[in-house]
Amino acid sequence: MMLQNNDREIILQLKEGSLEALGALYDNHRQMVYRTALMITGDNQAADDLLQDVFLRLFRFAGNFDAERPLEPWLYRMTTNLAYDWVKHRRGLVSSLEDLADWLISSGKNTPYEVVEQQDEWAQVQMAVSSLPLNQRVVVVLYYLNDLSIQDVSEILEVPVGTVKSRLHYGRLALKRKLGFTQEVVPDLSYERP
């Protein structure tokens, strides 16, 4: 994960208590935080609440944050930890497919036909991902949806690389089964991206 050029200066301003800096970081990273929270919780309201909580905690703990380190790993860790807590306290995962579709529509520039097609595909994927065990779901969301490396996921979740690979493997098998893909249609993907 790379440190965005302007994040460093913004974080330094945030450390001085600048609400404008918090707003700039929110604008730069809100989609990633929201998407991660939504895919883990499956609930639009929870994702909205977690989005706010993550950035409130960023503001509260800004004085302790090292501006030389990338912000995204911290945001991923905070988002996944808060989402874990939300799921554990709720035990009953509510799948909010309409809310996911609304988010996709509002954040994209697609034609109406493409939007409907994406809604159908995302609805199927969301249902399949939501049915995974929580530890597999988080790894799948971070690796595939957020395009993180195995090493990044390992560091964010503070688990060994082998554990991430195992959870990813079993999560991928479950998704293939739930989505009706055969081995011939969807070959195994490598763990490392080119």
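Quick look at the numbers
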{"read-out": "Label-point separation, residue 20 to residue 57 (7 Å along Cα→Cβ), nm", "value": "2.8"}
{"read-out": "Once the Cα gyration tensor of segment 1-94 is diagonalised, semi-axes √(5λ) in Å", "value": "25, 12, 11"}
{"read-out": "Most positive-pole-ward Cα, 180, 151, 161, against dipole of segment 132-184 from beta carbon charges", "value": "180"}
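Every number in this text was worked out from the coordinates using simple rules, so none of it is lab data. None of these values were measured; they are calculated from a predicted model. Positions of Cβ are backbone-derived with ideal geometry, glycine not excepted, and every protein chain shown enters the neighbour counts.
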